[in-house]
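Read the structure below first, then the notes.
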Amino acid sequence: MKKLLLCPPTFYDIRYEINPWMDINNKIDRQKAQEEYNTLTYALSQLGIEYDELGCNEELPDQVFTTDLGHAENGVFIKANFRYPQRQKEVDIAVDYFRMQGYEIKELPEQIYFEGGDFLKLNDVYVFGYGKRSSKEAAPILEDILNKKIVTVELPDEYYYHLDTCMAPISHETALINTSALHEQDIHKIRSEFRTIIATTEEDNKRLACNLVVFEKDLIMTQGISNELKDTLTHLGFRIITVPMGEYLKGGGSVHCVSMEIYE
Ligand code: ARG
């Protein structure tokens, strides 16, 4: 069973700019965002993916990007330490949510940033990205809390500021990566975990193609990705479901950012 935590776009907006995708003059069409959200949740339901929703707060326009709130696994919630003050209050709502579910709450030292979008897990492989949002120092702390080895990579590109904007592990063997957003030696580290690397094209990167949700052989991806990418994935045995995410792209996120996974 896969379980996600979402937040409806009731107050989603661009009221500040904390990544290069955001432009305060490029406002969110709320109705459209709500329609996109409905399509996504419909797709999740059709696939039998369970999801819960967080309560929305009017003061927190980026709350839709729930993945960033932390990492939830096996009754433990490691809460985010957001780099930008604009997003810090979002964490309290997540902490309340997980506390209500009986989770143990863990936190990193205040000066060490950690955002959930920088932390990917598929089965027993964990990959962490630092540089633009999370601090490098978060990696050994996460390793300690989870008692797992974590592959750590640097994110040098301001457009691909969270790991989930430029990488997606999609099976034991396979990962999608935007190779232009990672250092050669880090791509090498990723290759040692995943036999097949699919390098996304610049055109697909602009749509944040790596920002997807995987559920066994099903991939929920952003509408507008290339047919070449869809074909490559289909040949590997994946089924592709695309959903419109245009309003979320304005905020610098897509399918994965809005779907925090609760690992059980
Ligand atoms: N506007 C949000 C921010 O800059 C977008 C977050 C996207 N989240 C993600 N996991 N990539 O923080």
Subject >> Antiparallel DSSP beta bridges within the chain, percent to nearest 5 >> reply: 45
Original post:
So what's the stretch 178-264 giving for Rg/Rh, alpha carbon basis, Kirkwood Rh from the mean inverse pair distance?
Top reply: 0.96
Original post:
Extension gain HIS172-LYS106, at 0.36 nm per residue separation less the Cα-Cα distance, in nm?
Top reply: 20.9 nm
**OP:** Quick one: Debye curve from the alpha-carbon atoms of the chain only, equal weights, vacuum; give me log10 I(q)/I(0) at q = 0.07, 0.10 Å⁻¹ to two decimals.
**Re:** -0.21, -0.44
Original post:
Tally Lys/Arg at +1 and Asp/Glu at -1 over every other residue whose Cβ is under 11 Å from the Cβ of TYR51; what's the total?
Top reply: -2
**OP:** Considering Cα pairs under 8 angstrom that are at least six residues apart, work out the relative contact order of the chain and quote it in whole percent.
**Re:** 22
Original post:
PRE reach from SER45 (point 7 Å along Cα→Cβ): which of the stretch 4-20 fall under 18 Å by backbone N?
Top reply: 4-10
Original post:
To the nearest Å, what is the center-to-center distance of the stretch 1-52 and the stretch 186-213, using C-alpha atoms only?
Top reply: 23
Original post:
Using the beta-carbon distance between ASN25 and ASP92 and R0 = 41 Å, what value does 1/(1 + (r/R0)^6) give for FRET efficiency, to the nearest 0.05?
Top reply: 0.85
Original post:
Sorted by packing (mean other beta-carbon atoms within 10 Å per residue), highest first, where do 21-32, 58-69 land?
Top reply: 58-69, 21-32
Original post:
When we measure straight from the Cα of LYS230, which lysines land under 26 angstrom away, once same-chain ones fewer than 8 places off are left out?
Top reply: LYS2, LYS3, LYS32, LYS121, LYS189, LYS206, LYS217, LYS250
Original post:
How high is the FRET efficiency from ILE145 to LEU236, r the C-beta distance, R0 30 Å, rounded to 0.05?
Top reply: 0.35
Original post:
DSSP beta bridges in the stretch 1-118, what fraction antiparallel, as a percent rounded to 5?
Top reply: 40
Original post:
Taking only the alpha-carbon atoms of the stretch 36-117, what semi-axes of the equivalent ellipsoid follow from 5 times the gyration tensor eigenvalues under a square root, in whole Å, largest first?
Top reply: 23, 16, 11
**OP:** Using only Cα positions of the stretch 153-216, each an equal point scatterer, no hydration layer, compute I(q)/I(0) via Debye at q = 0.13, 0.16, 0.21, 0.29 Å⁻¹ and quote the log10 values to two decimals.
**Re:** -0.29, -0.45, -0.78, -1.40
Subject >> Pair TYR84, LYS32: separation of 7 Å Cα→Cβ label points (nm) >> reply: 2.0
Subject >> Environment charge at GLU216 (Cβ cut-off 11 Å; Lys +1, Arg +1, Asp -1, Glu -1) >> reply: +2
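Just so you know, all these numbers are worked out from the coordinates, no wet-lab data involved. All of these numbers come straight from a predicted model, not from anything done at the bench. Heads up, the Cβs are rebuilt from the backbone with ideal geometry, glycines too, and the neighbour counts pull from every protein chain shown.
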